[in-house]
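A.B. asks: Before anything else, here's the structure in question.
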Amino acid sequence: MTCQPFLSFCNELLAYEGMDLADQVRFCSAIGYRGLEIAPETLGDTPHRIGASEAGRIRATVEGEGLKATGLHWLLKPYPHLSITSRDAAVLEDTRDTLTGLLDLCAELGGTVMVHGSPGQRRLDAGESLDEAMQRVADFFRPVAEAAGERGIVYCIEPLSRAETDFLNTVDEAERLVEMVGHPAFRTMIDTSAAGQAEAIPVADLIRDKLPGGSIGHIQINDTNRGAPGTGDDPFDAILAAIRESGWTRPIAVEPFKVIGDARATAAYAAATVKALWDCRI
């Protein structure tokens, strides 16, 4: 029995370098990943319209190498015209319909988590306060949360740094939205890079503080320099110890944006770093 974590790799870096899905899966399996967290844009221009047959083919490709499609992230990147903070009812309806299509895709792939980052589609209007936007966004997400629950998916709103967006920058802010939506399928998550930039306490302390409360539905790990774990100064020994000691057994996704050499080297370096630092002697 292994005590290593269930590591999933966010696939866009590999896709950007021209690897098709089958090659991504074979490579990730060979270097020790157990899952692939998929950016919908890597599956086509309108991934929310992928039907059950094509989704089944994608799932078979992933599972054929012993991996699992753990979920979807960066949900709205293929759709720059959409927004969760818009005041335009037609935009909100189109955004909700698109997210519902992506929920269907995630379920067909066997995924259990949707990570809503998409900073370009969540910005406050000029002069608008966070409190003003919160109620509108909570109203927007309630039917999305209901649809996620019906499909067995945890939908996570991702706190992001102020360098990326001015809406929901800390876990505390995201937890306010989670409480307002009021559905068990709607939660927040911890991205260690964003948390390292936005939170007032060290990331390891944040993990120890937040994981027991039940609001955290997912974890992504990368350095505050936006690279893979181990490529910067973040104390991943302490961060991984906090995750491990919490009893977390769900997937942990690696989501680097900067490469060291190329995407393959970056993915391999991240996996090796986590394996070396994940001390099982507890």
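The values are calculated or read from the model by the stated rules, or taken from the named source; none is laboratory data. Predicted model, so just to flag it, every value in this text is computed and none were measured. Reconstructed Cβ throughout: ideal geometry from the backbone, glycine too, with neighbour counts over all protein chains shown.
For (1) among the aliphatic types (A, V, I, L, M); (2) out of contact with any Gly (no Cβ under 7 Å at 6 or more places or on another chain), each residue gets a yes or a no:
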site: Tyr16; (1), (2): no, yes
site: Arg26; (1), (2): no, yes
site: Ser29; (1), (2): no, no
site: Arg57; (1), (2): no, yes
site: Ala60; (1), (2): yes, yes
site: His81; (1), (2): no, yes
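Residue-wise test of (1) basic (Lys, Arg); (2) farther than 16 Å from Ala268 by Cβ; (3) out of contact with any Pro (no Cβ under 6 Å at 6 or more places or on another chain).
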{"position": "Gln4", "(1), (2), (3)": "no, no, yes"}
{"position": "Asn11", "(1), (2), (3)": "no, no, yes"}
{"position": "Val25", "(1), (2), (3)": "no, no, yes"}
{"position": "Ala30", "(1), (2), (3)": "no, no, yes"}
{"position": "Arg34", "(1), (2), (3)": "yes, no, yes"}
{"position": "Gly44", "(1), (2), (3)": "no, yes, yes"}
{"position": "Arg49", "(1), (2), (3)": "yes, yes, yes"}
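A.B. asks: To continue, here is another question. All but one of (1) within 18 Å of the chain's Cα centre (by Cα); (2) within 22 Å of Glu17 (Cα to Cα) hold for Ala268, so report the exception by its number.
C.D. replies: It fails just one condition, (1).
A.B. asks: How many residues are of a type outside the set (Ser, Thr, Tyr) and either surrounded by 17 or more Cβ atoms within 10 Å (Cβ to Cβ) or in contact with a Pro (Cβ under 9 Å, 6 or more places away or on another chain) (or both) when one looks only at segment 91-106?
C.D. replies: 9
A.B. asks: Within the group Phe9, Phe27, which residue is in contact (Cβ under 8 Å) with a residue 24 or more places away in the chain and out of contact with any strand residue (DSSP E or B) (no Cβ under 8 Å at 6 or more places or on another chain)?
C.D. replies: Going through Phe9, Phe27 in turn, just one is in contact (Cβ under 8 Å) with a residue 24 or more places away in the chain and out of contact with any strand residue (DSSP E or B) (no Cβ under 8 Å at 6 or more places or on another chain): Phe27.
A.B. asks: Take segment 248-271 and flag every residue that is assigned to a loop (DSSP other than H, G, I, E, B) and of a type in the set (A, V, I, L, M, F, W, C).
C.D. replies: Trp248, Phe257, Val259
Matching residues to (1) crowded, with 23+ Cβ neighbours inside 10 Å; (2) acidic (Asp, Glu):
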| site | (1), (2) |
| --- | --- |
| Arg57 | no, no |
| Gly71 | yes, no |
| Ala89 | no, no |
| Glu108 | no, yes |
| His116 | yes, no |
| Arg123 | no, no |
| Gly127 | no, no |
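A.B. asks: Looking only at residues in segment 124-172 that are of a type in the set (Lys, Arg) and more than 18 Å from the chain's Cα centre (by Cα), which one is farthest from Glu255 (Cα to Cα)?
C.D. replies: Across segment 124-172, the extreme among qualifying residues is Arg136.
A.B. asks: Against the condition modelled with pLDDT of 95 or more and in a strand (DSSP E or B), how does Gly71 come out, does it pass?
C.D. replies: The answer is yes for Gly71.
A.B. asks: Given the residues Thr100, Thr42, Thr61, which is the only one that is closer than 18 Å to Val154 by Cα, of a type in the set (Ser, Thr, Tyr) and in a helix (DSSP H, G or I)?
C.D. replies: When all the criteria are applied, what remains is Thr100.
A.B. asks: Please count how many residues of segment 173-215 are closer than 18 Å to Glu255 by Cβ, without any contact (Cβ under 8 Å) to a residue 60 or more places away in the chain and aliphatic (A, V, I, L, M).
C.D. replies: 8
A.B. asks: For segment 129-141, what are the residues that are surrounded by fewer than 16 Cβ atoms within 10 Å (Cβ to Cβ) and touching a Phe, Trp or Tyr at 6+ places or on another chain (Cβ under 8 Å)?
C.D. replies: Scanning segment 129-141 gives a single hit, Leu130.
A.B. asks: Look through Ser215, Ser246 and report the one residue that is of a type in the set (Ser, Thr, Tyr) and over 23 Å from Arg34 (Cα atoms).
C.D. replies: After applying the criteria, what remains is Ser215.
A.B. asks: Note down all Cβ pairs under 8 Å where the first residue falls in segment 12-23 and is touching a residue at least 60 places away in the same chain (Cβ under 8 Å), the second is of a type in the set (Val, Ile, Thr), and they're at least six residues apart or on different chains.
C.D. replies: Glu12/Thr42; Leu13/Val259; Leu13/Thr266
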